[in-house]
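Reading through the structure tokens given below for one structure.
Please treat every number below as a calculation from the coordinates, not as lab data. From a predicted model like this one, the values you see are computed outputs, not experimental measurements. Note that each Cβ is placed from the backbone with ideal geometry, even for glycine, and that neighbours are counted across all protein chains shown.
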Amino acid sequence: MHNEEFSFVHLTDIHVIDAESAKLVERAFREIHNLRPLPDFVVIGGDFVENGTQEEFDSFLPVFEKLQIPAYTLCGNHDLVDGIDPTLYQRIFGDLCYAFDHKGYRCIMLDTTHRDYETYSWHGYIRPEAINWLRGELSRLSGDHPILLFTHHGLVGSREDLSCDVENSDEVLALLDGYHLIAGFAGHAHRLRCNKWNRVPFFVNTALSTTRTNPGGEPHGFFVVSLREGEVSVDYHLLSKA
Ligand SMILES: [Fe+2]
Ligand SMILES: [Fe+2]
């Protein structure tokens with residue numbers, strides 16, 4: 001299978017609360033626009049806001065409109081209204097689970113927000129509808145079709161550092177077994193990690209936020225991900241000082 005070379009940006013966990021806290025993201029977008037080669041798209045991995053309110057989303061959207069390359073988004077646990085309701089996120093950004101093709105890769109955006117219980121849980125869980133959606137999505141792919149997988153909560157690694165924070169991650173990984181997964185990308189843990197599953201790297205990104213710190217002390221940055229001949233490489237691009 002012929003795969004063209006390209007790059008994209010993964011940034012996540014911006015936790016915007018007001019116009020001031022959106023400025024860091026605006027700086028990141030400016031730096032993304034200056035990257036050469038220009039990335040083909042940006043993935044924003046969820047936790048756009050802190051409390052899932054309209055006011056918080058309204059603080060981010062004017063900045064989002066300035067982004068000059070395509071963006072693909074995921075819903076984070078902080079984006080749910082009252083911790084359980086995704087409809088505001090869906091109204092702004094669209095479907096919770098979806099997939100798109102890019103230069104020979106199938107990019108799978110899998111929702112991990114936990115909404116099956118009455119009470120809010122900030123941990124991840126893949127609901128039965130999302131599992132069924134993924135099963136259907138994979139059934140249309142041949143075993144050698146390269147896949148990039150994006151989730152808010154991480155699927156692989158340690159539960160202590162939240163690099164894995166999906167209750168039924170094993171169920172999802174079992175479905176992916178036998179497919180040509182190139183890499184997984186997540187946020188939520190606010191830490192830099194790379195854990196392997198079946199020799200596939202699962203990258204976890206930091207919070208690009210002034211309202212949330214990275215517990216490991218990582219400076220603000222985002223991933224620049226390059227795909228070349230079916231191989232993935234990831235650079236952590238440090239945001240320059242304001
Ligand atoms: Fe977060
Ligand atoms: Fe989160």
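The table for this structure:
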{"item": "Inter-centroid distance (Cα atoms) of the stretch 110-184 relative to the stretch 1-76, Å", "result": "22"}
{"item": "Net charge dipole size for the chain [Lys, Arg +1 and Asp, Glu -1 on Cβ; Debye, nearest 20]", "result": "720"}
{"item": "Label-to-label distance, nm, for residues given as L38 and D18 (7 Å Cα→Cβ offset)", "result": "3.5"}
{"item": "Unit charges at the beta carbon, dipole of the chain: most positive-side option, V63, V232, I131", "result": "V232"}
{"item": "Protection proxy ranking of 208-217, 101-110, 75-84, 10-19 - average other beta-carbon atoms within 10 Å, highest first", "result": "10-19, 75-84, 101-110, 208-217"}
{"item": "Positive dipole terminus of the stretch 6-238, leading residue within I84, P146, F100 (C-beta point charges)", "result": "P146"}
{"item": "Difference of contour (0.36 nm per residue) and Cα-Cα distance, T213 to E229", "result": "2.2 nm"}
{"item": "R0 of 45 Å, Cβ-Cβ distance R140-L61: FRET efficiency to nearest 0.05", "result": "0.85"}
{"item": "Dipole magnitude of the stretch 60-118 about its Cα centre (Cβ charges: Lys, Arg +1; Asp, Glu -1), debye to nearest 20", "result": "380"}
{"item": "Lys pairs under 26 Å by Cα in the chain, provided they are eight or more residues apart or on distinct chains", "result": "5"}
{"item": "Whole-number D in µm² s⁻¹ for the stretch 6-238, Kirkwood Cα-pair radius fed into Stokes-Einstein, 37 °C, 0.692 mPa s", "result": "187"}
{"item": "Spin-label pair K196/L175, simplified geometry with 7 Å Cα→Cβ offset, distance in nm", "result": "2.6"}
